[in-house]
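Note sheet for the following structure.
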Amino acid sequence: MDPQLDPMKDDLPLMANTSYMLVKHYVLDLDVDFKSKVIEGSIVLFFETGSRYRKSSSTGKECCPSEFDQSCKMRASEPCHIPVASVSARSSKMEYNGFAVSGEGEGAIRLPSSDENGNHSDSEQASGIPSSKDCCDGENHGNKDFVLVLDCCDLSVLKVEEVDVAAVSGIEKFTRSAKLTDASKELGNLRNWIVHELVTLPANRWKEQLQCFTDCSQAPGCGELLFTTRPWSLELRKSGIQTPADFPHAIRIWYKTSPDGGSVAWTTDQSGKPCVYTMGSPINNRALFPCQEPPIALSTWQASVRAAAGFVVLMSGENSAEPVQLREDVLSWYYYVSMPMPASTFTIAVGCWQEVKQQSFTAAIQTNTEFSLPSLQADFRWHEETCGHVEYPCRFQNPAASLQAVIPYRVFSPGCLTELCEERLLQLIPQCLSAAHTTLGTHPFSRLDVLIVPSNFSSLGMASPHIIFLSQSVLPGGSHLCGTRLCHEIAHAWFGLAIGARDWTEEWMSEGFATFLEDIFWARAQQVRNSRKEGLSQDTMQLLAFKLGKDAIKSAMPVCFYFRPNKESTGELSESGASVVKYGLKAEKIFMQVHYLKGYFLLRSLARAAGEASYLESLRKFVRKFHGQLVLSQDFLCMLLEDIPKQKKSGLTVESIFQNWLDTSGIPKPLLEEVGTWKECQLVRQVSGEVTKWIQTNQRVRKSSKKKRKQDEVIFQKLLPDQLVLLLESLLEEKTLCPRTLQCLERTYELREQDAEV
């Protein structure tokens with residue numbers, strides 16, 4: 001990251017001017033070099049003219065439309081493998097004192113210089129592009145060139161060029177229906193028309209579309225574009241082009257990452273072997289590839305990644321990639337997705353991972369009627385409804401997908417953890433997937449990889465399309481932590497990925513739902529939903545969650561606790577489409593649990609008022625209505641109140657929920673009123689009794705002399721995992737705990753053998 005940047009500043013800027021041009025597809029072609037700790041190659045971006053710019057181009061003719069057809073046609077999502085060959089359209093360059101000079105395109109372009117870490121200064125670059133405040137964003141004011149702004153950080157951009165999609169063999173089929181006037185037959189407009197036809201192909205031609213993206217990405221360049229790199233963005237322009245409609249809609253960017261870039265972590269795994277992965281950085285993927293980061297920029301992608309033999313490339317992709325040997329020591333891996341999603345959800349992990357092989361216990365799970373029937377009935381009831389998202393191969397319109405309680409899955413880990421994964425993790429995955437299907441219905445994604453990531457991973461888990469990262473910390477101890485964390489990440493397939501927040505400040509729409517659903521998934525996975533044990537422990541878990549949430553609110557800055565820091569302006573964008581994520585770069589947010597726990601309690605409160613059965617029915621309806629779309633809090637709350645009339649009759653309104661829960665930084669009053677009832681639970685009272693015993697023991701230890709003397713023997717009761725965590729949380733409120741007390745705690749409960757929560 002540029003040394004002039006202060007990563008502790010509050011807000012994360014989203015610089016891309018998506019209102020004028022919107023990326024629809026990325027094609028990445030990359031090499032991973034572990035010696036230099038660099039990922040290098042090219043990315044081709046395919047655009048449509050943005051929603052705010054519907055006016056005529058500089059030729060005076062109407063621009064082509066840029067919206068997808070809103071109808072979603074039913075079809076199956078079938079895997080296919082289309083390897084992407086390495087693009088060979090590199091131009092020769094000469095290096096002079098850190099600058100590259102090219103003799104192709106619009107003229108010699110002096111590329112920006114960088115230090116040894118690939119950092120660029122915030123000053124004007126030699127390419128001569130004026131600063132963004134001086135550039136035309138969409139309208140033709142003073143004959144200034146249009147500037148396309150992409151989100152970018154910590155990247156060394158080597159070259160930017162227009163892609164000559166018109167040179168692709170067979171591409172003329174996309175031009176036959178074009179009603180081009182003499183004025184619009186210019187090659188530039190023809191290329192843009194081809195891209196428009198390609199990105200708007202109907203969903204039932206998705207395989208053909210993917211192959212065409214591949215072919216076009218390998219087309220030669222037809223002119224370099226001027227560019228400048230800034231701390232948070234990459235600005236592109238073409239001399240004489242003054243409108244988004246006339247700007248090239250297929251662009252290739254040659255670049256390389258920085259070893260210290262903020263989007264990926266270069267490290268070693270638990271077996272001591274090198275690896276690199278996206279670790280959920282606050283700056284998302286802008287230090288991995290130039291992109292449009294605002295959530296509205298929903299796009300598909302495909303990627304061909306080469307690495308040395310012995311390494312395995314895992315990625316967000318619909319297909320389970322098989323390596324293709326290019327040379328004796330190099331393998332190529334290819335992935336694709338056909339469901340449009342924000343670029344921030346793209347994930348990659350390259351390492352010497354080993355697959356943990358599946359066992360033969362999955363068949364019984366997949367045929368368990370108790371698990372699968374409720375969700376299937378719900379799916380068939382809504383099957384005739386039309387999807388509300390842009391057109392793509394939607395699993396919710398695929399009858400075979402609706403029957404699939406357990407999607408295909410694989411487990412990977414460093415070599416030293418494969419046995420532990422087989423013992424603790426592998427058998428839980430089909431149970432948790434089936435429980436999720438029972439609760440919410442059709443799985444949004446067709447397959448799942450689970451990877452145990454290196455020990456420097458700062459969270460317990462992270463979900464991305466088709467892949468979940470889990471910390472090694474979930475493996476030791478019993479199955480509770482591993483199961484609940486797995487359920488939490490599986491829940492993100494619906495809430496956070498298939499349904500995204502239109503404004504990233506509304507994190508609770510993802511984390512609150514996942515935290516609420518993890519309890520339901522895990523209980524159903526264990527088939528103990530209605531048992532006495534589970535019912536009693538609910539109050540224990542709720543009190544524990546309340547204590548953790550209360551501590552989080554006390555220990556961090558109040559500005560981070562608002563679920564809607566922008567309040568009535570939530571979801572609004574600037575004219576260009578650029579925005580900021582409020583408090584997106586605050587260091588405290590990485591460790592905060594407020595959005596998880598406060599969101600959990602809000603959803604639990606709504607479920608209690610509606611009744612769990614009615615509430616879960618509404619969740620399934622919400623999923624079917626809004627999958628593949630971006631939402632705000634009010635979208636969910638309005639639908640829920642309309643769907644369950646007794647909630648409205650009780651006086652509950654969207655405005656009251658905003659006032660009591662989302663727009664306040666403290667603990668909501670309804671939650672404070674409920675805490676007392678949890679303390680009367682049998683298991684909670686048992687913990688309270690044990691806390692009293694330990695406090696008395698600690699006091700006796702403190703008063704005793706240094707000489708060893710016999711203490712009255714105290715008998716402590718055996719506790720469940722949630723009870724034990726609640727006990728330890730309560731003891732942390734004591735000012736002093738003597739070392740002898742801590743040693744006794746460790747012996748009594750065998751703390752070293754417990755899971756990471758303890």
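The values are calculated or read from the model by the stated rules, or taken from the named source; none is laboratory data. Keep in mind that what you see is a predicted model, and the values were worked out from it rather than measured. Cβ atoms come from the backbone with ideal geometry, glycine included; neighbour counts cover every protein chain shown. We work out accessible area using only protein heavy atoms, side chains counted, and drop any ligands, DNA or RNA first. Shrake-Rupley method; radii C 1.70, N 1.55, O 1.52, S 1.80 Å.
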Give the residue from 688, 727, 699 lying farthest towards the positive end of the charge dipole for the range 682-753; charges sit on Cβ (+1 for Lys and Arg, -1 for Asp and Glu) and the dipole is referred to the Cα centre.
699
Two pseudo-spin positions, 7 Å from Cα along C-beta at residue 357 and at residue 751, lie apart in nanometres by 4.1 nm
Just to verify a number: FRET efficiency for residue 742 and residue 175, C-beta to C-beta distance, R0 = 56 Å, to 0.05?
0.15
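For the range 682-753, what class follows from the C-alpha gyration tensor (a ≥ b ≥ c being the square roots of its eigenvalues): rounded when a/c is under 1.5, otherwise prolate if a/b is larger than b/c, else oblate?
On the way: a/c = 1.80, a/b = 1.71, b/c = 1.05.
Prolate shape, in that a/c is at least 1.5 and a/b is the bigger ratio.
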In vacuum, with every alpha carbon of the range 376-520 counted as one equal point scatterer, what does the Debye formula give for log10 I(q)/I(0) at q = 0.12, 0.18, 0.21 Å⁻¹? Two decimals, please.
-0.51, -1.07, -1.36
Give the long-range amide H neighbours of residue 412: residues separated by 5 or more places, or on another chain, with amide H under 5 Å away, using H modelled in the peptide plane at 1.01 Å from N.
356, 450, 451, 452
Taking a probe of 1.4 Å, how large is the accessible area per residue of the range 682-753, in Å²?
72 Å²
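Expressed in nm to one decimal, what extension gain is obtained for the pair residue 11 and residue 660 from 0.36 nm per residue of sequence separation less their Cα-Cα distance? Present the calculation step by step, with values, prior to reporting the outcome.
Working: separation 649, 0.36 × 649 = 233.64 nm, distance 2.52 nm.
Stretched fully, the residue 11-residue 660 segment lengthens by 231.1 nm.
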In the range 682-753, how many lysine pairs have Cα atoms under 26 Å apart, counting only pairs 8 or more places apart or on different chains?
14
Say each of residue 186 and residue 612 gets a label point 7 Å from the Cα, pointing the same way as Cα to Cβ; how far apart are those two points in nm?
6.5 nm
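Taking the Cα centre of the range 682-753 as origin, work out the dipole magnitude from +1 charges on Lys and Arg Cβ and -1 charges on Asp and Glu Cβ, in debye rounded to 20.
Numbers: 15 positive and 10 negative charges, 151 e Å.
That gives the range 682-753 a dipole magnitude of about 720 debye.
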Too-long pairs where the Cα-Cα distance tops 26 Å, listed order kept, from 159/582; 24/238; 598/646; 159/207
159/582; 159/207
Here FRET efficiency (C-beta to C-beta, residue 208 to residue 309, R₀ 45 Å, nearest 0.05) is 0.85
For residue 729 and residue 695, extending 7 Å from Cα along the Cα-Cβ vector and measuring point to point gives, in nm, a value of 1.7 nm
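Highest mean first, how do 302-309, 594-601 rank when packing is the count of other Cβ atoms within 10 Å averaged over residues? Don't jump to the answer; show the numbers that get you there.
Details: 302-309: 21.4, 594-601: 24.4.
By packing density, highest mean first, the sequence is 594-601, 302-309.
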What ranking do 617-625, 424-432, 663-671 get when scored by the average of other Cβ atoms within 10 Å per residue, highest first?
424-432, 617-625, 663-671
For the range 682-753, what % of the accessible area comes from carbon and sulfur atoms, probe 1.4 Å?
49 percent
